[in-house]
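None of the figures in this text is laboratory data; all of them are computed from the coordinates on show. Just so you know, these numbers come straight off a predicted model, no measurement behind them.
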Amino acid sequence: MTANLLEFDLDGLAVFCEGLGEKRFRATQLFRWIHQRGASDFDQMTDLAKSLRQKLQSRAHVSSLPLISQHISTDGTIKWLFDVGDGNAIESVFIPEDDRGTLCISSQAGCAVGCRFCSTGHQGFSRNLTTGEILAQLWFAEHFLRKHLQTDDRVISNVVMMGMGEPLQNYTALVPALRAMLDDHGYGLSRRRVTVSTSGVVPMIERLSTDCPVALAVSLHAPHDTLRDHLVPLNRKYPLDELMQACIAYLAHAPRDFITFEYCMLDGVNDQAEHANQLIDLVQKHARQGLRCKFNLIPFNPFPASGLLRSPNARVQAFAKQLQEAGLVTTVRKTRGDDIDAACGQLAGDVKDRTQVQNRMAQQRTIMLVPAYSVQTQESGDA
Ligand code: SAH
Ligand code: SF4
């Protein structure tokens, strides 16, 4: 079997090239061809010696994931569904904004955490994605977008690990993928523009702070353990106090950063004035020890099996105001791509059980590849 070169960060590719008797600078050239130029055909890589290209042809390949469908929203958001085999599909979403292009990507097929309000959680866990499957989402999206926007400039300026899966439960595959995103010879994204979102896998938060301290978002959703145990079952293993300590320790490695606390607003469950007060207490108590944070309130994306409802807008606004008045920076997430069901965190959409995925995939094959691509030209901008 030949190796898919998307599986490697630069160090990994250097080891692979060493195995072919090639020096590290060859790996760097190859890495740049693949990630910066989107090349998958070794013959294109004209500055590599013919002998190396021949070796690569027989031992390696650069392969993205099979695309099942592509949906483009009227607001420019694009959702891709990829086949990861055995009836499993994962999704990635591109969200264009005036000053950035954000790609939301998946880390697992399904998820084992089983949060009450999450459709991925309701599907259960199928398997971890490999480094190559994580990176393939970015590789495909970036080079697809460049081609269709007819630009050589970078289109994706931010990556958020907020698709399907719990990234910190797939740590060994995640870290090389993050490194390729940050690598100047890869995507060259700045550390603060790559966000890992986690439901709170405490030991891995600690490891990430030394291995690859990217921006950290923590899915909080509740101000105390009783409610959080219920909404985010992982809390029973890593309760709030431990989670807060892990956040504080993380920030010690990233001195000017802050943690983004995500808080999904569930009608009558976690959205009352008393919950806001409890949140303020929780954060203020830990602020003294060095916790710096922002809140991002997420309007719940309802799905029938959850039995939960979205908080009314007025309640979300009142909750935000309460936090803001206590001095906590708070934003409310804009919903994007509503018409194509592309909200981050609820990408599995209407997947009811895994046996249906295959049927759904078969149906979607017929609607893939929209002919007229119509996202407005946008800045490729980075700070
Ligand atoms: N497993 C990670 C990352 C993927 S989920 C995590 O939980 O952080 C990304 C975000 O979407 C999380 O904040 C998650 O709580 C949120 N989310 C999940 N289901 C949602 C839903 N139905 N509506 C709104 N947000 C949801
Ligand atoms: Fe998993 Fe995140 Fe969904 Fe919870 S919210 S089930 S951790 S993907």
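Computed values, structure above
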quantity: From phi via Karplus (6.51, -1.76, 1.60), per-residue ³J(HN,Hα) for segment 224-237 in Hz, x at Gly/Pro; calculated: 9, 4, 4, 6, 5, 3, 6, 7, 10, x, 4, 4, 5, 7
quantity: Spatially proximal lysines relative to LYS55 (Cα-Cα < 30 Å; intrachain offsets below 8 disregarded); calculated: LYS23, LYS147
quantity: Distance from segment 289-323 to segment 146-197 (C-alpha centre basis), Å; calculated: 26 Å
quantity: Computed helical MRE - 222 nm, the chain, DSSP H runs ≥ 4 contributing -39500 (n - 2.57), nearest 500; calculated: -10500 deg cm²/dmol
quantity: Spatially proximal aspartates and glutamates relative to LYS50 (Cα-Cα < 19 Å; intrachain offsets below 8 disregarded); calculated: GLU18, GLU22, ASP41
quantity: Binned Cα-Cα distance frequencies in the chain - 10 Å width, integer %; calculated: 5, 23, 32, 26, 11, 3, 0
quantity: Among beta bridges that DSSP assigns inside the chain, antiparallel share in %, nearest 5; calculated: 45 percent
quantity: Among ASN270, ASN301, ASN313, residue whose mean-square fluctuation peaks in a GNM of the chain (springs only between Cα atoms under 10 Å); calculated: ASN313
